[in-house]
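What follows draws every value from the coordinates through simple rules; no lab data is involved. Since the structure is predicted, the reported quantities are computational estimates derived from the model, not experimental observations. Glycine also receives a Cβ, built like all others from the backbone with ideal geometry; neighbour counts cover every protein chain displayed.
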Amino acid sequence: MKGSWNNSSKQPLSENDRIKQLLVRVGDDGPNFYKRDIKKLSSNIETFYQKADFEAKEFLLNTLVECIGALTLKASVYATTVSLVSVQHPAFPELVIDKLVEKLRVSLDKGDIHVPRSTLVFLGELMNMGLFNAFLYINILLDLFNEAETSLETSADYYLYVGIPVLPYVVRPFPIEKSKLIHVFRL
């Protein structure tokens, strides 16, 4: 049965599966195609979001948040996409951020490392684009570092491991906060 796995009568993807596939595969063709991929994804998200019902919009937001948490290297691609969608749908970034912050809290409570770091990288990208408040971002980091300071040694290591890699997002634009953040290294 040569080639039986490649069924030529393949069913077309549902709208949900198509948008999920676009979210997962964006940027996979390499940096030379980022611009094309981001335009295609943002256009598809705009169309999907505009005509979708509540459940479909929730699916879109949850899938995007899952991708952000799992695919750290695509944080700037996702942030750019959210930024482009926000031109036609100004409330879209806030909906994404709300879902992300909710997932961040759950992930921190579970002791997950990857999702909080990916989320903070993405929020840093949004902050650089002006779609996320810089002081809220700094407060999230300061909360992490305060947890590190008041936790047991193993928990402190966890909070530092999550927060330290994203410091470049805040140290350069906000030099006045350096003194507060330097305190972290004196734990």
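The range 14-132: percent of C-alpha pairs farther apart than 18 Å?
The calculated P(r) of the range 14-132 puts 47 percent of pairs beyond 18 Å.
Each label point is 7 Å from the Cα along the Cα-to-Cβ direction; what then is the distance between the points at residue 109 and residue 134, in nm?
3.2
For the residue pair residue 150 and residue 91, what label-to-label distance in nm results when each label sits 7 Å from Cα along the Cα-to-beta-carbon direction?
In this crude label model, residue 150 to residue 91 measures out at 3.5 nm.
Using Cα-only point scatterers and the Debye equation, what is log10 of I(q)/I(0) for the range 35-83 at each q in 0.19 Å⁻¹, rounded to two decimals?
-0.62
Take peptides 64-76, 45-57 and line them up by average Cβ neighbours within 10 Å, highest first, as a rough protection proxy.
64-76, 45-57
Helix hunt in the chain: which complete DSSP H runs extend at least 20 Å axially by C-alpha with mean Kyte-Doolittle at least 0.5?
Those that clear 20 Å and a mean of 0.5 are 54-70, 75-88, 134-150.
For the pairs 20/51; 39/74; 10/40; 51/99, flag any whose C-alpha to C-alpha distance is greater than 18 Å.
10/40; 51/99, as the Cα separations exceed 18 Å there.
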